Amino acid sequence: MFTVMRSVWEVFVLMFISVFSKSVEAKHTARMSLPVEGHCLSWRLAVEANNARAWRSIPIQCLFYVENYMLGGQYERDVNVVVQQIYQYMADMVPGEDGKDAWILDVDDTCLSNLCYYQGKRYGLDPFDPAAFKKWAMRASCPAIPAVLGLFQRLVESGFKVFLLTGRDDETLGTATIENLENQGFVGYERIILRKSEYRGKGAVFFKSEIRKQLNADGYRIRGNVGDQWSDLQGDFVGDRTFKIPNAMYFVP
Ligand SMILES: [Mg+2]
């Protein structure tokens, strides 16, 4: 009898040790991955806060982090929070009867998502490939970013003039971009402004500032400006408020 009890006790102790050691192992594994994850989270925060600038690719150790960020739901949650902030800001805003209250929305990774394309470019680890991107954009098959599509529709329905302002080349990508926006439900905007030849080779801040200056000269009041790049939101006549849509995959100067 004593022998049997002793065996049972030994089995119990062995089970306890086994479970305990697995738990320690799991905690250890989690701790091991924390420095990389923590570093990448800090890097992404630096990107969003405009502290990290002119970066050409995502840090190599952050490849899986960015993949998980983009596909695991956090990116979508972050976009939704930005759009909720915009709704709060515009809650009491009534557009004037003169039809001059305007919003500016960027196109790439603001209205339309290029995530499918960047999945093939290791989420921005590979350097920018203008020819491949042009080929992708020509397909006119970028999906809408749902929260921004909802925002766009609300702005149009509320009576604001929505200007879509993009650094895409007018001559080569104009038709495909307009088609893509339409097939994703971006209908009813006041005007889409693409990069004309005179602005080729100029930085986004300069190009977009010049366009906003013209809109201002035409009497428009830019009530809000939404873009995924800081270069969408800097320069002259940026608008009463700017809203940064997250982008952890690439930087446009
Ligand atoms: Mg963009």
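Among the residues of the stretch 180-191, the ones that are buried (at least 16 other Cβ atoms within 10 Å of the Cβ) and more than 21 Å from Thr242 (Cβ to Cβ) come to 3 in all. Can you find even one residue in the stretch 182-189 that is over 20 Å from the mean Cα position of the chain (by Cα), within 14 Å of the ligand (Cβ to nearest atom) and not charged (D, E, K, R)? Checking the stretch 182-189: not a single residue is over 20 Å from the mean Cα position of the chain (by Cα), within 14 Å of the ligand (Cβ to nearest atom) and not charged (D, E, K, R).
If you go through the stretch 206-217 and pick out every residue that is of a type in the set (A, V, I, L, M) and away from the ligand (no atom under 16 Å from the Cβ), you end up with 2. Annotation note: of Leu194, Leu115, the sole residue that is within 16 Å of the ligand (Cβ to nearest atom), surrounded by fewer than 18 Cβ atoms within 10 Å (Cβ to Cβ) and modelled with pLDDT of 95 or more is Leu115.
Closer than 28 Å to Val47 by Cβ and either more than 13 Å from the ligand (Cβ to nearest atom) or over 20 Å from the mean Cα position of the chain (by Cα) (or both), is that true of Gly203? Spelling it out, Gly203 is indeed closer than 28 Å to Val47 by Cβ and either more than 13 Å from the ligand (Cβ to nearest atom) or over 20 Å from the mean Cα position of the chain (by Cα) (or both).
Quick grid of which residues meet (1) in contact with a strand residue (DSSP E or B) (Cβ under 9 Å, 6 or more places away or on another chain); (2) within 13 Å of the ligand (Cβ to nearest atom); (3) among the aromatic types (Phe, Trp, Tyr); (4) in contact (Cβ under 8 Å) with a residue 24 or more places away in the chain:
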| site | (1), (2), (3), (4) |
| --- | --- |
| Ile145 | yes, yes, no, yes |
| Gly219 | no, no, no, yes |
| Gln229 | yes, yes, no, yes |
| Gln234 | yes, no, no, yes |
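Scanning the stretch 236-253 for residues that are charged (D, E, K, R) and away from the ligand (no atom under 13 Å from the Cβ) yields Asp236, Asp240, Arg241. Per the conditions (1) modelled with pLDDT under 95; (2) in contact with a Lys or Arg (Cβ under 8 Å, 6 or more places away or on another chain); (3) of a type in the set (Asp, Glu), the sole criterion not satisfied by Glu10 is (2). Checking each residue in the stretch 79-96 for being out of contact with any strand residue (DSSP E or B) (no Cβ under 9 Å at 6 or more places or on another chain) and surrounded by fewer than 17 Cβ atoms within 10 Å (Cβ to Cβ) picks out Asn80, Val81, Gln84, Tyr87, Gln88, Ala91, Asp92. The single condition from (1) at pLDDT below 95; (2) within 16 Å of the ligand (Cβ to nearest atom) that Asp92 fails is (2). Considering only residues in the stretch 156-179 that are touching a residue at least 60 places away in the same chain (Cβ under 8 Å) and more than 16 Å from the ligand (Cβ to nearest atom), the one that is surrounded by the fewest Cβ atoms within 10 Å (Cβ to Cβ) turns out to be Gly159.
Residues in the stretch 53-92 that are within 29 Å of Arg223 (Cβ to Cβ) and of a type in the set (Gly, Ala, Ser): Ala91 alone.
Evaluate the following for Ala131: is it away from the ligand (no atom under 16 Å from the Cβ) and crowded, with 21+ Cβ neighbours inside 10 Å? It is false that Ala131 is away from the ligand (no atom under 16 Å from the Cβ) and crowded, with 21+ Cβ neighbours inside 10 Å.
The values are calculated or read from the model by the stated rules, or taken from the named source; none is laboratory data. For clarity, every value in this text was computed on a predicted model and none was experimentally measured. A quick note on method: Cβ atoms are made from the backbone with ideal geometry, for glycine too, and the neighbour counts reach across all protein chains shown.
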